[in-house]
Every structure is written in structure tokens, then in C-alpha cells.
Amino acid sequence: AQFKAALMGSAKPNPDLTGYQQGAGRVDVGRAIGQSVTSDPASVSLGLQQWPHADDQPVTKTVTYHNAGGAAVTLNLALGVSGPGGAAPAAGMFSLSANQVTVPAGGQAQVTLTVDTRVAGPDGRYSGELLATAGGVQVSTPVGVDKEVESYNLTISFVDSKGAPSTDYGALLLGTDADNANVSAFPFDPSGTVTLRVPKGHYDLGSSIYTDTGGEYPDLAMVAEPGLNLTADTHVTFDARIAKPIDVTVPDATVSSILASVGYDHITPATGVSSGALGDTFDGITTAQIGPSLPATELRGNISSEFTKLDADGTPTGTPYLYGVAEFPAGGLPTGFVKHYAKRDLATVHTDLGAVQPGDDANYLFEGAQSPLGVGGWSAGILVSLPDTITRYLNKATWNNELDTGTNGADGWPVTDAVLTSTVTYEPNRKYQEQWNTGPFGPAFPTPNFPFDFVTRQGDTLIVDPPLFSDSSGHSGGSMYDSGLVTVYRNGTQIAQEPVPGGEFTLPADAARYRVETQATRSGFSGLSSTVKAAWTFPSGHVSGTGFAPMPVMAVRFTPKLDASNRAPGGRFTIPVAVGHQPGSGSATVKKLSVDVSYDDGKTWQTAALSNTKDGWTATVNQPASGFASLRASATDSAGNTVEQTIIHAYGLK
């Protein structure tokens, strides 16, 4: 206790922080060692004064000063307290019994501190310090009182599916207004009923109620009230018996469910809540929402299922097809859900998966639907051996697709070395053909993209995060790498450099011409795309507001016809070439393009014959019978922006 008093009393508080944020402040070891006066208690809590405040009683606490020195010390006392928003408390709210006390050598002296929360002034937390000074002596005692804002008792009862008070449940309460966004609680009491003291406002209140039915797992009822509006003492009952089951099927009796997810996404200006139940099947899972529905722009339910054919050991390995269905009901968590999909409800997506290197036998293909609110959903992975072909049947939703490639680790589980992703909305009763994991692997700017992806500027921050290892179909790609580098130039002068392929950089506000160079080198992958480099030049100045402005950068994509192991034959060979701008970066058109090829890992280069037709550019080369082809390109658009791009070991030669 003495050490605590010495450290707290000599600490230096930050005037920009409240006592609830910093306690006593920053420790000052030198002062703590040399100072002989301390206070007891080391901090003064004047407690919680419940709203309303007309009937509050004044609270008085005694502070005792101890003097371990050999001479008496006369302390001058002053209160420095601030309330909500940093405002000074109203006159008479805080008072001291004396403004000065003398503490004898080896003795003590006392002062009383009183708070009267009946005094007019805003509700909320008040904090500060009782400061005692005498020459070089300075003892700071933190002081705080919570003059409770308008609040009410929220009582929640949990009932299991047998009608008994639940002892096995989980619950989460989150404030959804700007004023109560910091309110969160996990209410629980073994009796099945719990009472909380909560500020007035809107809340998201959700629960999971478990009932033992004698099976391997208990039944789960997900019951929620996302639109709780607390304006008085309130009693909410979450009764598992009102929850209804989920029943989702696809038009194939030979497949089994490998993913069952149900829940809701709740987005407000103050916070975001995603709550749900997840399993292999919907067996034993029920759902219900009580209280009001909310606008579809704020609250949506989500029900996602994935089905596939299982091996004899019950795993989805080597399956030829995958079903994915997802729905996002407007207004909230559905009270039960039933949907039996027919073939006409689904798109057929034939998907060819290439192999980058021998041994790529541990690869996961993921599907996850994205809510209209922009929240990603759960997905299940199936193991595929590359190269492979799989057919996916998907309903109309925005699907986040992902292919993780790598090899088996020592424990038999996949080790991910590279990731390819895309976001696509498929139309029902239509057929699609997709290719994944085909080279050359290099930069691409696919659509859609997150607002802060790739090369963007927010205010005076430049964000460089290009997908350097995207496949030839334009699926955004990232990879493990051995070394990387990014360099930023402003008007020809280097202003930043980092030993990684991307980063965030603070720029001057005024407009200038920038050059950004990035590169990454990786081993493995049969040597494909062993080094990828890109350099862009473009103008940029301060971006107003908080949004992200895409920079006018380009990517050159090569789409030659390669075999399943990403190899091409020797001799005369044509390479389709496309140049694309980053989405949202303007309407400039490409005016100049050149392409070079190397067969000695970039030591020497040959200019490729380039033709431009209505179908786009084509580069023609004459290749040796073995080794690797490397590709280099440069382009300039009508606004004067440029790109230079190099891919060492773009593809193999057979």
C-alpha cells in the first residue's frame, strides 16, 4: 500500500485525459523516491450516484496525508476536476473541508472531500485530482464520481426449450447509439435471470440458449432483439420455445451439408454487430427475433449453407462439385427459415484449377457469401489436388471466392503459400466458365475491390497494397515472399522506402508527381513468377474528406494459353496482352504499349512483335524448347500516367 501511494501520489497526469482513462497518470520514479508525503487512500472514488439525482445524498470521503520526513510540511490543497466533455463542474458540486493542512514530521493530517450530485450540471463521469503542494512536494490524489446518466434496469430471463430457466446460455449486449457505443456486457447469472443497469438508448441484445436433449450436442436456440430501445425499466424474456428450425436443401440427394450458418448483421453509425450460429448442419439449431424489425440498410439476417459429396471417411476431398446457397432477409434474424432450392435457382460455374508446381496437393477452395451490408460470411473449405476441375452450383448472391495453394505440412495439414480471391455475383439458371491459378502471375486490379485496396490515397496518406501475384484471369493474388521492397519518389526525389512490397506513407498536401516502385521475390512455385516488379508514375494531391481515392495506376496482364502446369510450347507463340486501370481511377485510355521477352532470367531482353486489333493487343514471340520465359512491359495512358512491369519466370517452356 505504501509503494502504491508513493507511485500514484507522485505521478504526472495528462491534462488531456480523464482519470477513468489514465488513473493517476505517468509514473515519475525520481519524485516517488525523493518525496516523503503520501495520501491514504491513494485515490478517492466517490462512487456511482444513480439517476435521477434530485434525491441524491452528499458523499464525503476523508483523505489522510502521511509525512515520513523529519520536518513538518504545510500542504496547500486544490481540486482540479472536469466533467463530461472537459467542462468544469457546477459551483458547489465539490468541496474541501480545508484549503491547507500541516502534516507533522512522522505524523498525519486529514481533510474531507464532499461531492453533492444534486447540484445542476451535466450527467456523466467527473474526474480529476486533489493536488497538495508545498515547495518541491507535490502529491496528486485521483478523484472520481459517476453522476449517472439517465439509466434503467434491464432484466433478462433465459428459458430453455423445455420451459425451464436456463443455466446454459450466452448473451451479448451492445450499445448502438453514438452516446452508448462504448456500452458492452456479457450478462449471466446461473439462475437464468440477470439484471443490468444500462444507460437510456438503443441496444443490440442477442443470446444463445442451449438445451440438453440427450444427444451428442445440446440443441441451440438463437434468440435476439437487435432493436431494443431502453426508455424505462424493462424485462426481456428470451424463450427458446419460440425459436423455429432451419431447413435448407439443394436439388441433389447425394450431397451432404458441410456448412450451416445462421445469424444477422447489424450496422449502425456507431458500431457493427455480427452474430450467428455455425455448424456442419442445421440439425438442432433454431432461431427467433423479438422486438421490432429494422431498416434493411441497417439489419439483415443471414442463412448460408454449403453441400458436397463426402468421401468414405466423411471428408470433402476430391469432390467434383460444391453447392453454395445464401439468403439475407431484410429486417433481422428470421424466426426459422425454410427453402428448397431447384436447379433453376442456381448458377452452374465450371471451374478449371491450374497447378503451379508439382506437389500442390493441399489446396483449399472456399466459398463465402457477402451480405448486402458488406459483411463477409462463413465458408467451408474443400481439399482439391491440382490441376483439377470442379463444378460449383451457387444461388444469386455476392460470393467471395478463394483458392489457397500450398503443400502438405509435416502434420498432414495444408500450408498456404499463396491466395487467390474474387468477388462475383452469379445469375441463376446460367452457366459460367472460370479458370483459376493459371499463369503468368503478376499485378492486376480486379473489380470489385475494397475502397482502400491496391494504390489509394486517404487525406495525405498513400496506401500501397497491390496484388502482385494475381493469376491470368485477374483473380486478386497474394503470396508468401522471400524479400520485398517499395520505394516512393516525389518529383524525382526519394521520400520513403520499406523492405516489404507495400506500406502506408505520409505525403505533403500539395500536388506533385509521384513514382512508386514495388517488387517481391519468392522461391518455390516451380520458379514461376520468382520476381515481380511494378513501377507507376502519376500525379497526386491532398484528398478531402475521409474517403479513399484510387490512384490512376495500370496493370499489364498477359493471358497466354498454357497447359495445366503453366507451360507453353517452344517456337512461335502468341500472348494476348491487356492493360487495365485501377477501378475508379478515371477514364484515361492507353496510348502506348511495349512488351519484351527474356529467356535468360532477365539478363537480356528481346522486343516482342506487338499488334493491336479490335480484340486487343497480341505479342508474338519465338521461344526455345525449354527453360522459362520472362516478360516485361511498359505503358503510357492519355493522361501521362505510366506503368513498368516485369515478371521473371512468367511461365515454363516444355
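The values are calculated or read from the model by the stated rules, or taken from the named source; none is laboratory data. Just so it is clear, the model here is predicted, and its values are computed rather than measured. As a convention, Cβ positions derive from the backbone with ideal geometry for all residues, glycine included, and neighbour counts pool all protein chains shown. Please note that ligands, DNA and RNA were not included when accessible areas were found on the heavy atoms of the full protein model with its side chains. Shrake-Rupley method; radii C 1.70, N 1.55, O 1.52, S 1.80 Å.
Taking Ala78, is it surrounded by fewer than 16 Cβ atoms within 10 Å (Cβ to Cβ), at negative phi and either outside any helix (DSSP H, G or I) or of a type in the set (Lys, Arg) (or both)?
Details: surrounded by fewer than 16 Cβ atoms within 10 Å (Cβ to Cβ): yes; at negative phi: yes; either outside any helix (DSSP H, G or I) or of a type in the set (Lys, Arg) (or both): yes.
Here the answer is yes, as Ala78 does meet what is asked.
Any residue at all in the range 25-41 that is polar (S, T, N, Q) and either more than 21 Å from Ala109 (Cβ to Cβ) or open to solvent by 80 Å² or more (accessible area, probe 1.4 Å) (or both)? Explain how you work it out, then say what you get.
Here is the first cut: in the range 25-41, the ones polar (S, T, N, Q) are 35-36, 38-39.
Narrowing the set further to residues that are either more than 21 Å from Ala109 (Cβ to Cβ) or open to solvent by 80 Å² or more (accessible area, probe 1.4 Å) (or both) leaves none.
No, the range 25-41 contains no residue that is polar (S, T, N, Q) and either more than 21 Å from Ala109 (Cβ to Cβ) or open to solvent by 80 Å² or more (accessible area, probe 1.4 Å) (or both).
Can you name every residue in the range 114-135 that is open to solvent by 10 Å² or more (accessible area, probe 1.4 Å), closer than 19 Å to Asn67 by Cβ and assigned to a strand (DSSP E or B)?
If the condition is that a residue be open to solvent by 10 Å² or more (accessible area, probe 1.4 Å), closer than 19 Å to Asn67 by Cβ and assigned to a strand (DSSP E or B), then Leu131, Thr133, Ala134 are the ones that fit.
Matching residues to (1) of a type in the set (A, V, I, L, M, F, W, C); (2) at pLDDT below 95; (3) out of contact with any strand residue (DSSP E or B) (no Cβ under 9 Å at 6 or more places or on another chain):
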position	(1), (2), (3)
Ser140	no, yes, no
Asp160	no, no, no
Tyr169	no, no, no
Leu172	yes, no, no
Ser184	no, yes, no
Pro187	no, no, no
Leu205	yes, no, no
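State all residues of the range 473-488 that are out of contact with any Phe, Trp or Tyr (no Cβ under 9 Å at 6 or more places or on another chain) and farther than 13 Å from Gly502 by Cβ; if no residue qualifies, say none. I'd like the intermediate steps shown before the answer.
In the first step, residues of the range 473-488 are kept if they are out of contact with any Phe, Trp or Tyr (no Cβ under 9 Å at 6 or more places or on another chain); the result is 480, 482-485, 487.
Within the range 473-488, Met480, Asp482, Ser483 meet the criteria.
Results for (1) open to solvent by 20 Å² or more (accessible area, probe 1.4 Å); (2) of a type outside the set (Asp, Glu), shown as yes or no for each residue.
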site	(1), (2)
Ala288	no, yes
Ser293	yes, yes
Arg300	yes, yes
Ser305	no, yes
Lys309	yes, yes
Asp313	yes, no
Tyr323	no, yes
Ala326	no, yes
Gly332	no, yes
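Applying the selection to the range 474-492, what residues are in contact with a strand residue (DSSP E or B) (Cβ under 6 Å, 6 or more places away or on another chain) and free of Cβ contacts under 8 Å to residues at least 24 places away in the same chain?
Step one: filter the range 474-492 for residues in contact with a strand residue (DSSP E or B) (Cβ under 6 Å, 6 or more places away or on another chain), giving 475-491.
If the condition is that a residue be in contact with a strand residue (DSSP E or B) (Cβ under 6 Å, 6 or more places away or on another chain) and free of Cβ contacts under 8 Å to residues at least 24 places away in the same chain, then Asn491 is the only one that fits.
Taking interchain pairs and intrachain pairs at least six residues apart, which have beta carbon atoms under 8 angstrom, with the first residue in the range 142-163 and under 23 Å from Gly284 (Cβ atoms) and open to solvent by 40 Å² or more (accessible area, probe 1.4 Å) and the second acidic (Asp, Glu) and at pLDDT 95 or above?
Every condition considered, the pairs that remain are Ser161/Asp219.
Among the residues of the range 518-540 satisfying the criterion of being assigned to a loop (DSSP other than H, G, I, E, B) and of a type in the set (Ser, Thr, Tyr), which is nearest to Val415 (Cα to Cα)? First the steps, then the outcome.
Keep residues of the range 518-540 that are assigned to a loop (DSSP other than H, G, I, E, B), which gives 522-524, 528-530.
Among the residues that remain, those that are also of a type in the set (Ser, Thr, Tyr) are: 523, 529-530.
Numbers: Ser523: 15, Ser529: 19, Ser530: 19 Å.
Step by step, filter the range 518-540, then rank; the result is Ser523.
Suppose the filter is β-branched (Val, Ile, Thr), open to solvent by less than 70 Å² (accessible area, probe 1.4 Å) and in a strand (DSSP E or B); does Thr102 pass it? Even if it seems obvious, please write down each step before you answer.
Values: β-branched (Val, Ile, Thr): yes; open to solvent by less than 70 Å² (accessible area, probe 1.4 Å): no; in a strand (DSSP E or B): yes.
No: the conditions fail for Thr102.
Count, please, the residues in the range 569-625 that happen to be part of a loop (DSSP other than H, G, I, E, B), at negative phi and either in contact with a Phe, Trp or Tyr (Cβ under 8 Å, 6 or more places away or on another chain) or crowded, with 17+ Cβ neighbours inside 10 Å (or both). Give the derivation first.
To start, the set of residues in the range 569-625 that are part of a loop (DSSP other than H, G, I, E, B) comprises 569-570, 582-589, 599-605, 608, 614-615, 624-625.
In the following step, the residues that additionally are at negative phi were identified as 569-570, 582-583, 585, 587-589, 599-600, 603-605, 608, 614-615, 624-625.
Applying the additional criterion that residues be either in contact with a Phe, Trp or Tyr (Cβ under 8 Å, 6 or more places away or on another chain) or crowded, with 17+ Cβ neighbours inside 10 Å (or both) yields 582-583, 585, 599, 608, 624.
Matching residues across the range 569-625 total 6.
Can you tell me which residues in the range 172-202 are over 22 Å from the mean Cα position of the chain (by Cα) and either within 21 Å of Thr335 (Cβ to Cβ) or part of a strand (DSSP E or B) (or both)?
So in the range 172-202, the residues over 22 Å from the mean Cα position of the chain (by Cα) come out as 179, 187-202.
Hits for the range 172-202 are Thr193, Val194, Thr195, Leu196, Arg197, Val198, Pro199, Gly201, His202.
Got a number for residues in the range 441-467 being more than 15 Å from Val419 (Cβ to Cβ), modelled with pLDDT of 85 or more and either in contact with a His (Cβ under 8 Å, 6 or more places away or on another chain) or surrounded by fewer than 16 Cβ atoms within 10 Å (Cβ to Cβ) (or both)?
Of the residues in that region, 4 qualify.
Take Thr438 and tell me if it is in a loop (DSSP other than H, G, I, E, B), among the hydroxyl-bearing types (Ser, Thr, Tyr) and buried (at least 18 other Cβ atoms within 10 Å of the Cβ). Please lay out each step first, then the result.
Working: in a loop (DSSP other than H, G, I, E, B): yes; among the hydroxyl-bearing types (Ser, Thr, Tyr): yes; buried (at least 18 other Cβ atoms within 10 Å of the Cβ): yes.
Considered against the rule, which asks whether it is in a loop (DSSP other than H, G, I, E, B), among the hydroxyl-bearing types (Ser, Thr, Tyr) and buried (at least 18 other Cβ atoms within 10 Å of the Cβ), Thr438 comes out as yes.
Which one is most open to solvent (accessible area, probe 1.4 Å), of the residues in the range 361-373 that are assigned to a loop (DSSP other than H, G, I, E, B) and at pLDDT 85 or above?
In the first step, residues of the range 361-373 are kept if they are assigned to a loop (DSSP other than H, G, I, E, B); the result is 361-362, 371-373.
Narrowing further to those that are at pLDDT 85 or above: 371-373.
Details: Ser371: 3, Pro372: 87, Leu373: 41 Å².
Among those residues, the one meeting the criterion is Pro372.
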